[in-house]
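Participant: Questions regarding the structure given below will be posed in turn.
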Amino acid sequence: MTALPNDRPFYLLHEDKIQANLARIQKVKSATNCTVLMALKAFSHYQVFHLLAETLDGCTASSLHEARLAHEYFPGRHHAYSPAYSPRDFPEWTNYCQTFVANSLQQVEFLQHLQIQNKLEVGLRINPLQPEANNPLYDPSSPQSRLGVITKHLKNQWPKGVNGLHLHNLCENDSHSLDRTIRALERDAQFALEACQWINLGGGHMISKHDYDVDHLIQLIKYLQKRYGLKVILEPGAAVVWEAGDLHAHVLDIVAQDEVATALLDVSITAHMPDCIEMPYTPQIREGRITSEGCRYRLGGNSCLAGDFVGDYHFDHGLFIGDEVVFLDMAHYTTVKTHFFNGVHHPSIYLRHTDESYTCLKTFDYTDYQSKL
């Protein structure tokens, strides 16, 4: 029986949490008969694809390698979206995906040229100019965005041979953000809704959060189906593995400087929790609180980067060398983004099954670091 390590860092995925998230997604599917795809950009551990495939219909890939991974490990129909497809990568792309979303009218022309030989289904991404993401860095709806065609540039004419409309402007949003987006589409792009056979509403739907209004989402999907006769597609990423993974780290040393005590961990925040810096956000931890009374520690990573720390936390008791610190919700946009900066030992990845047994999915060593360079 596999045991968890107590002397080195590791990610721990929770099968029961993944299944609970999938159950909420299944409720939406059962009520609407919509298609739900796994956005591999958020989570791509192929070792658990068999769990996801019990509910989800396929994957959305944004690169050739993601497309191949989906084809090899995830049964179903796979979609592709890339800001720009490279001619060098075709026809291999077409071995893995059946539906391709273009990011521009030029890319529509490129895909339609291939369509003559390969019978590809083509969609077009539009920019609804409806900002809903909290962080401008993650908002693709600005007028200067490189993602999607602004509808006024289509001049009320949907391109011939394109039978799908794709948009993605949400980032961990609720159903009311989607409601506003649909109203923006009807205001500015009703001709597109009427011309298409399907609509892909992208990701960012936080269906798995306890306060998400699933019934409202169902109403919105049914409205699009009834009003426009559209097949509706969702491609959540984070919602599939929301709160379904942790990062277990350990205190190596405690350094006190100018009234700030920093607990140095056996992980690197910049290498192993990069979304905390890129987003940025301060993750919850199991042992302490972000703002409260108690013993304050700054949690820092074990690389030479001065900014390799995640924030200040308060604990009910002092930290000591060897203590474990567990960062919560470290599945989505975490392991897919990690890297080997400074050669800091990369955490292993484990899966906790519903029967409370464990499987080691992946370990890393020097050769992983060396082969990347």
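Participant: Roughly how many nanometres apart are two label points built 7 Å out from the Cα toward the Cβ at Val260 and Asp211?
Facilitator: Rounded to a tenth, the inter-label distance reads 3.1 nm.
Participant: Something else now. Just to confirm the number: angle between the C-alpha axis of helix 214-228 and the first principal axis of the chain, 0 to 90 degrees, nearest 10?
Facilitator: 20 degrees
Participant: Now for a separate question. Going Cα to Cα from Lys29, which lysines come in below 19 Å? Please leave out same-chain ones fewer than 8 positions away.
Facilitator: Lys17, Lys209, Lys222, Lys226, Lys231
Participant: Kindly state, to the nearest 0.05, the FRET efficiency for Gln26 paired with Tyr223, given R0 = 30 Å and r defined as their beta-carbon distance. Kindly include the intermediate steps, with their values, before the conclusion.
Facilitator: Values: r = 21 Å, r/R0 = 0.69.
Step by step, r from the Cβ atoms, then E = 0.90.
Participant: Next question. With unit charges on the beta carbons (Lys and Arg positive, Asp and Glu negative) and the dipole taken about the Cα centre of the chain, which residue among Cys34, Pro283, Thr2 sits farthest to the positive side?
Facilitator: Among Cys34, Pro283, Thr2, the one farthest towards the positive end of the dipole of the chain is Cys34.
Participant: Please tell me the relative contact order of the chain in percent, rounded to the nearest whole number, where contacts are Cα pairs under 8 Å and at least six residues apart.
Facilitator: Across the chain, relative contact order equals 19 percent.
Participant: Evaluate the distance, in nm, between pseudo-label points positioned 7 Å from the Cα of Asn6 and of Lys119 along their respective Cα→Cβ axes.
Facilitator: Once both label points are built, they end up 6.1 nm from each other.
Participant: Follow-up question, since we're still on this one. Given labels modelled 7 Å from the Cα in the Cβ direction, how far is it in nm from Arg183 to His65?
Facilitator: Each label point is offset 7 Å from its Cα along the Cβ direction, giving 4.3 nm.
Participant: Right, here's the next one. Output the antiparallel fraction of DSSP beta bridges having both residues in the chain, as a percent to the nearest 5.
Facilitator: 45 percent
Participant: Once you order the gyration tensor axes a ≥ b ≥ c over the Cα atoms, which shape class does the chain get: rounded for a/c under 1.5, otherwise prolate or oblate by comparing a/b with b/c?
Facilitator: Judged from the Cα gyration tensor, the chain comes out prolate (a/c at least 1.5, a/b above b/c).
Quick note: the coordinates plus some simple rules give every number you see, no bench work behind them. It should be emphasised that the depicted structure is a prediction, and the values quoted were computed from it without experimental measurement. All Cβ positions, even for glycine, are placed from backbone atoms using ideal geometry, and neighbour counts span all protein chains on display.
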